[in-house]
Each structure stands twice: as C-alpha cells, then as structure tokens.
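Trainee: Sending over a structure as structure tokens; questions will come in a sec.
Nothing in this text is a laboratory measurement; each read-out follows from the coordinates by a stated rule. Bear in mind that the values here come from a model prediction, so they are computed numbers and not experimental data. Cβ sites come from the backbone with ideal geometry, for glycine too, and all protein chains shown count toward neighbours.
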Amino acid sequence: MTASPSSCASWPRPRALLLDAMGTLIGLRQSIGSTYAAVAAGHGLAVDPAAIDRAFPAIHRAAPPLAFPGLQGEALDLAERHWWSQRIDAVLVAAGAAPAAAALHRDLFDHFADPGLWRVYDDVPAQLQAWRQQGLKLAVVSNFDQRLDGLLAGLDLAPCFDHVVISSRAGAAKPSALPFQLALEALGLSAEQAWHVGDSPEDQAGAAAAGIRCLLVQRS
C-alpha cells in the first residue's frame, strides 16, 4: 500500500486510522462493465462491457450523495436500491442500451453484494494485522451502502475494525466531514488523534473538513 505525502513521517503518531473501502481495501475482480453485461444478458439485454466501463465513472461522479438522513431499516434499503436503479439506467442509456426493468435493477444490486465479486488487495491483510498489533484502532469510512457490512464479513475483514461508517446510513457522504466525525465519536477520539487513508479527492477533502490528516493510496 503506497501512500502520500512522504512528509507523514513527521506527523504525530495516531491512535486510530480511518480507512476508505472501495479502491483502498477492496476492489472488483472484474470490470463493472463485464458484470453489468453478464447480468443483463440473463435478462435478454445485450450491452457492451467497454461502453459501460466508459460511462460509469462520470455518471457515478455526477450522482447526488449516496446518503439518506433519517432513514433506517426497510426505508433505507429501498432508498439505496432506488439510488442505484437511477445510476444503472443512466449508465445503460449512455452505453446505448435501454433502461433496465425492475428485475434487472434488483439482480444487479444483489449481485454486487456477493463477496465473490470482490477481492482484498494483497497488501491489506498484513497491514491491518500490523496496525492492530501496534495498538491502533481501525474504522472504515466509506461512501457506500449497507451491502458493505456483508462484503467486509464475507471477505474476512469485519473482525479487523472497531466501527464501520457508510454514507447511506450516516446521512452524509464524503467530502462532508460528518462521516469522519461519526467514526471519531464511535472510537472516542479527537480529530488530532486519527489519520484517514483513502484513494480519492473526496477522501482528502472530507478528512480536511473534519480536521484529520489524510494519506492517499496510489494503486495501479
């Protein structure tokens, strides 16, 4: 896990690390386009995986926050599914296909909840173990939905963390400071006692808004 800036060696040692999930701890085994195309084919819809891969990043970046203040239980699950249904349709249309039927929305959402689609980056398990042995508290702060709970459990990462904050449940997404503040509150620490490790501008901006030092992971 390569991170920047190099000046972090001069920072006071933290008591906790707040870690992003997607792109930092875990990633997909295959491209999003490949998975969309395979699931869509089961519904009789032909889509070009490469076109999906080209369209997805911009549509995801332009989306409203994956965050639903005040919702929980079934209402939160429905809100998450609706949010992703809108993204699915936008990506399919951008890739030259028709919007999806409700069954395809459901199956794509459920499919990405399968830990088998995801992999833990090779350097992560040993690094988490080392940080634990050093006495650091660890928490996840992720712009994702409730599926992350099952993914962390299925990938054997859940026992490594003292707390998990996901944007949909927190009611705010990075670059908001709120997800970081919720993690600090759960850990019983102040902003000066934690660092954040992530891979995106939202990680950096959100950590800065919360007064937390941030290191950005650089993965190929």
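Trainee: Pulled fully out, how much extra length does the chain show between Leu71 and Ser220, if you take 0.36 nm times their separation in residues and subtract their Cα-Cα distance?
Mentor: 50.0 nm
Trainee: Which value at 222 nm does the chain reach when only helices count, each DSSP H run of 4 or more adding -39,500 (n - 2.57), with the total divided by all residues and rounded to the nearest 500 deg cm²/dmol?
Mentor: For the chain, the value works out to -13500 deg cm²/dmol.
Trainee: Still on this structure: Residue separation times 0.36 nm, minus the C-alpha to C-alpha distance between Ala79 and Leu117: what's the value? Write down the numbers at each step before the final one.
Mentor: Details: separation 38, 0.36 × 38 = 13.68 nm, distance 2.30 nm.
Roughly 11.4 nm would be gained on extension.
Trainee: Order by neighbour count: Tyr36, Tyr121, fewest other Cβ atoms within 10 Å first, most last.
Mentor: Going from sparsest to densest Cβ surroundings: Tyr121, Tyr36.
Trainee: For a Förster distance of 25 Å, can you work out the FRET efficiency between the beta-carbons of Leu28 and Gln133, rounded to the nearest 0.05?
Mentor: With R0 = 25 Å, the Cβ-Cβ based efficiency is 0.25.
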